[in-house]
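A.B. asks: Got a structure for you, written out below as structure tokens; questions coming shortly.
The values are calculated or read from the model by the stated rules, or taken from the named source; none is laboratory data. Just so it is clear, the model here is predicted, and its values are computed rather than measured.
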Amino acid sequence: MAASSETNPSEETELGEYTPPLKQCSCSACDSYFSEQTTIETAKTVVSHWNDEHANILTNSFTPFTTEEVERHVLTEGLSQAREQHLFITVYDVLDTDGADALSKSFVEDLRYEDICVACGTSIFDLEDVSYEELPSEKPFSRHICDACSARRKLKRRKQNNKQLDEWKVDK
């Protein structure tokens, strides 16, 4: 059986659980910008940046959980000099836990999200000959759904409603 690239309606992401991919954000302590392919990759980059560049700020609120060797210079045979770095935060510290944003505002600001369909993940700018609608949202980013996914959701909802109505029918 060949794998299908089309999204199965039963496998679609629920609207309430969806966090769109992060397009770009900036460091809340300096002028650095982060733009990676996925939110997790961006979080890893933010962690490296903060542990490398802002360790002095992190020492006020975090304790180091490990120390890693950053570089080693061999001075003579059998004698070397190493520079170590304390690590204060992990990806889990940078990911936002309350669900309002993708990353914690303690470490990043100016979060910009891609405009994609919440059901299939396609960028709305890549949709050819298909329109989309903006969904109401209390989140700080816009949420969209393409017409094809919207139609599949409506059909699925109608089938579920019909099934519920059939369960309430009374036999005569």
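A.B. asks: Of the residues in the range 121-135, how many are at pLDDT 80 or above and not aromatic (Phe, Trp, Tyr)?
C.D. replies: The number of residues fulfilling the criteria is 4.
A.B. asks: Would you pick out the residues in the range 128-161 that are of a type in the set (Lys, Arg) and under 20 Å from the mean Cα position of the chain (by Cα)?
C.D. replies: Passing the criteria: 139, 143.
A.B. asks: Tell me the strands (runs of 3 or more DSSP E) entirely within the range 53-148 that contain at least 3 residues that are of a type in the set (Ser, Thr, Tyr).
C.D. replies: Qualifying strands (runs of 3 or more DSSP E): 66-76.
A.B. asks: Follow-up. Can you find even one residue in the range 7-23 that is at pLDDT 80 or above, of a type outside the set (Gly, Ala, Ser) and more than 23 Å from residue 150 (Cα to Cα)?
C.D. replies: Yes, some residue in the range 7-23 is at pLDDT 80 or above, of a type outside the set (Gly, Ala, Ser) and more than 23 Å from residue 150 (Cα to Cα).
A.B. asks: Specify which of the listed residues (76, 38, 66) is within 17 Å of residue 113 (Cα to Cα), in the same structural domain as residue 94 (by TED's automatic domain parsing) and β-branched (Val, Ile, Thr).
C.D. replies: 38
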